[in-house]
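Accompanying notes for the structure given below.
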Amino acid sequence: MYRYCLYIILVIIISSCSSIEKDKKAANIVQVDPTKVQNLEFSDLFQNLDYVFLKTEGEVLGFISKLEVVDEKIIVADRQNNALYIFDLFGKLINKIYRYGKGEGEYIKISDFCYDSKNNLILILDRNQGKVIKYHTNGTLAGEIRLPDGFYSKIYMIDQSNFAIYASNERLSEYNYKIIDSQTGNVLKNMMKIDLIKSRFLNFLTHSNFYRYSDEVFTYQIADDGKVYSIQEDTIAAKYQIRFGEYSIPHEVLNTEFGDVGEFVDFVQDKYVYRISNLFETSNYILFGFHFLDQYLQCIYDKTDNKFLLLSEIIDNISTDIKISEKWAFSNNSFKGVYNNEVYGFFWTDAMIFNSESKMIDGQHITEKTNPVVYMGGLKDNIFDKL
């Protein structure tokens, strides 16, 4: 009996060690020291940079809640105008989608959108009505899908026939992620049970929870210990874990039930890194932003040498003289995504006017009626040689 019990204990210990080792291999550690800020100019970062002036024929874009470059299109969700704008890569307006209402093919609010490249469709998530509306790029309705009970804030195409929705960690849903058949609306898979302790503060004020790299879809959550997950057909597994040493939020804090988002932010903002956002990859780098003390920092992390660069300001000296250092302005005008291995973002009108002496970009004068300007370019391979 004693030998049998000892055998069971040894099996448990070995199994536990194997599980721990497996977790270590599954999640590659991205280690960053948030106190080491080294600003470089855009001319030191980009090997080329193009500017795209968005033309909206008489109307001015308001507040951009999301901008995505995909399939030779620039798609913009305007929260102020409650509309979706589709441009080509030269800034020419292809179409505007505005279908406010509670009827078929209508939305109350654009909570998020994604692009279905196979069918050339745009999927708009309206969490107020719990549905996904599918439009052709010419604006005509292609159908809509009623979602299961829950309060979903994000949507993303996983493959050619399925999309994922993210439940914002609300108590109305049992799982963070659901994989949905884009034709039938059937739930194919539930992934990651919701941690109710974190449900009031985990996903807040983030621009994106998904990105695609090398035909693989990744997702991340704001206060989930810096983990970046890979979504496969039937599984979701940790791929990266972003760590900030002593400035990472401790597990005991993450396991504390805060009353609301404000209480959580008040507790962590003077001590720890919080709100990782705008995370994506190029062939050489992992890029993401985060808040630390009174700064918003943009990280460029070298995947080969495990080096990192932290920017606390934008210094665009390529065909302009924009310098942005205020936290709110820097976070709004920082990098937003990758297209064909080129990094893109956009400059808000106010940021261009008040942070440029010449008020010029690429030879064009900036005024209050100028739409946000998209910038896009490939990062240099030797960025860290400048440090």
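The values are calculated or read from the model by the stated rules, or taken from the named source; none is laboratory data. Since this is a predicted model, take the numbers as computed values, not measurements. Note that each Cβ is placed from the backbone with ideal geometry, even for glycine, and that neighbours are counted across all protein chains shown. Remember, those area values only see protein heavy atoms, side chains included, never the ligands or the DNA or RNA. Shrake-Rupley method; radii C 1.70, N 1.55, O 1.52, S 1.80 Å.
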Problem - Average accessible surface area per residue within the chain, 1.4 Å rolling probe, Å² - result: 47 Å²
Fill in the blank from the handout: Of the listed pairs Lys303/Lys327; Lys66/Lys92; Lys307/Lys369; Lys154/Lys327, those with alpha carbons more than 30 Å apart are Lys307/Lys369
Handout entry: Counting DSSP beta bridges with both ends in the chain, the antiparallel % (nearest 5)
Key = 95 percent
Fill in the blank from the handout: Counting Lys and Arg as +1 and Asp and Glu as -1 over every other residue whose Cβ sits under 11 Å from the Cβ of Ile286, the net charge comes to 0
Fill in the blank from the handout: Non-local residues with an amide H under 5 Å from the amide H of Lys189, with H modelled 1.01 Å from N and Pro and chain starts lacking one, are Ile179
Problem - For the range 126-146 and the range 34-83, distance of Cα centres in Å - result: 25 Å
Completion exercise
Protection proxy (average C-beta count within 10 Å per residue), highest first, orders 106-112, 192-198, 364-370 as 106-112, 192-198, 364-370
Practice task
Only one of the values (i) 1.09; (ii) 0.99; (iii) 0.94 was calculated from this structure for Rg/Rh (Cα atoms, Kirkwood Rh); name its label.
Solution key: (ii)
Practice task
May I ask you to rank Trp328, Trp348 by accessible area, largest first, using a 1.4 Å probe over the protein chains only?
Solution key: Trp328, Trp348
Exercise for the section: Could you tell me which of Asn176, Thr35, Asn209 has its Cα farthest along the dipole of the chain towards the positive end, charges placed at Cβ (Lys, Arg +1; Asp, Glu -1), taken about the Cα centre? Expected result: Asn176
Practice task
Find the centroid of the Cα atoms in the range 248-264 and in the range 315-354, then give the distance between the two in whole Å.
Solution key: 31 Å
Exercise for the section: Beta carbons within 10 angstrom, averaged per residue: use that to sort the peptides 300-306, 126-132, 267-273, highest first. Expected result: 126-132, 267-273, 300-306
Exercise for the section: Could you check how much of the accessible area of the range 234-378 is carbon and sulfur, as a whole percent, using a 1.4 Å probe? Expected result: 46 percent
